[in-house]
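Input: a single structure, listed below in structure tokens.
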Amino acid sequence: MPQPIKVLMVDDEDKFRETTSKILRKQGFDMMMAATGEEAVEILKKQPADVVVLDIRMPGMDGHEALARIKEIAPRTQVIMLTGHGGVESAIASLDKGAFDYLNKPCDISLLTSKINDAYKAIEDTERWRGEKKAREIMIPVDHYTTILGEKTVREGIEMLMRSFEGLIASGSVMETGHRSILVFDRDGELEGMLSIQDLISAVRPAYLSAPKPSMADSMQYSAMFWTGLFTSQAAKLADTRIADIMSDSPPAVDENANLMELADLMYSRNIRRLVVTRAKGRVIGVVREQELFFEMASIMTRL
């Protein structure tokens, strides 16, 4: 038989605290009570709780301070904040400090019961997914990624890109061909930008193709003669151009400990295909591409 959920009810209003605890006990919860934040902290030092229902406005140690202390001594414990009239902004702010959720007082007992159960499930989910990989565990280390100086020529950049397609590059336990991009550094080792195949395609087009046409020429179509030889001549002109002159900006940076969902959200919201991974002081240590997230999704699904 599963153990009942241990709940600590913290509120300085005696009647509310005792009545609510009595009802929750009848619902099957293992209840403890505290009248102050200080008392709650002392109880948790001796008796762990799964969920704390914590009033924000209390004399002495208020709910925010109590929340911080609870998270210090019992980081696994989930905290539901209770707020009176006009205290919603304060309750919302507590979510950034580690609270699971908040409810207005007086609260519907069925809603409170539901929130307690959800908070307890969150503990189990946290334990279950604690081993989820971080950015550093799926990235391609920068030492294994193609890099070049911005002062080098496009010809040299293309040669390096070609070499990246010649072999198989290890990415975790998955083998993947070619990088399709190069990280561009300056002589001081600072990341300047990125040279991708898309940058090369953009650069090979003559600028006048993007220039506005006269209104009478909106429907003008270039003839086959116009296009003939244009790609070859433009590619030849591009060969000795500095990479720094055509590269795109550096990809957004994420910390090496970033969660994979953070990476997925950033790629989606920015409509980008790769991110650089950094360590202390912003040092670039690797690259995560959309392929790495795809392979991780595939790995997870094959284990189901």
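The values are calculated or read from the model by the stated rules, or taken from the named source; none is laboratory data. Since the structure is predicted, the reported quantities are computational estimates derived from the model, not experimental observations. Glycine also receives a Cβ, built like all others from the backbone with ideal geometry; neighbour counts cover every protein chain displayed. Protein only, heavy atoms only, side chains kept; ligands, DNA and RNA dropped before computing areas. Shrake-Rupley method; radii C 1.70, N 1.55, O 1.52, S 1.80 Å.
Remarks
- Inside region 278-304, residues that are more than 22 Å from THR147 (Cα to Cα) and either open to solvent by less than 40 Å² (accessible area, probe 1.4 Å) or assigned to a helix (DSSP H, G or I) (or both) make up a count of 9.
Rundown of residues vs (1) open to solvent by 100 Å² or more (accessible area, probe 1.4 Å); (2) in a helix (DSSP H, G or I), yes/no style:
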position	(1), (2)
PHE226	no, yes
ALA235	no, yes
ASP240	yes, no
ALA244	no, yes
SER250	no, no
GLU262	yes, yes
ASP265	no, yes
TYR268	yes, yes
VAL276	no, no
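- The number of residues in region 11-28 that are in contact (Cβ under 8 Å) with a residue 40 or more places away in the chain and open to solvent by 20 Å² or more (accessible area, probe 1.4 Å) comes to 5.
- For region 62-82, a residue qualifies if it is assigned to a strand (DSSP E or B) and among the polar types (S, T, N, Q), and exactly one does: GLN78.
- Considering (1) in contact (Cβ under 8 Å) with a residue 40 or more places away in the chain; (2) surrounded by fewer than 20 Cβ atoms within 10 Å (Cβ to Cβ), the lone condition that LYS45 does not fulfil carries the number (1).
- For region 92-101, the count of residues that are buried (at least 16 other Cβ atoms within 10 Å of the Cβ) and either more than 24 Å from the chain's Cα centre (by Cα) or within 29 Å of GLU290 (Cβ to Cβ) (or both) is zero.
- A count restricted to region 264-301 and to residues that are of a type in the set (A, V, I, L, M) and out of contact with any strand residue (DSSP E or B) (no Cβ under 6 Å at 6 or more places or on another chain) stands at 10.
- Filter result (assigned to a strand (DSSP E or B), open to solvent by 20 Å² or more (accessible area, probe 1.4 Å) and at pLDDT below 90) within region 173-214: VAL174, MET175, GLU176, THR177
- Index of the failed condition, MET33 passing every other in (1) in contact with a Ser or Thr (Cβ under 6 Å, 6 or more places away or on another chain); (2) closer than 19 Å to TYR120 by Cα; (3) open to solvent by less than 10 Å² (accessible area, probe 1.4 Å); (4) of a type in the set (A, V, I, L, M): (3)
- Any chance SER21 is assigned to a helix (DSSP H, G or I) and more than 17 Å from PRO4 (Cβ to Cβ): no
- Residues (of a type in the set (Lys, Arg), at pLDDT 85 or above and closer than 27 Å to GLU13 by Cβ) located in region 105-146: LYS115
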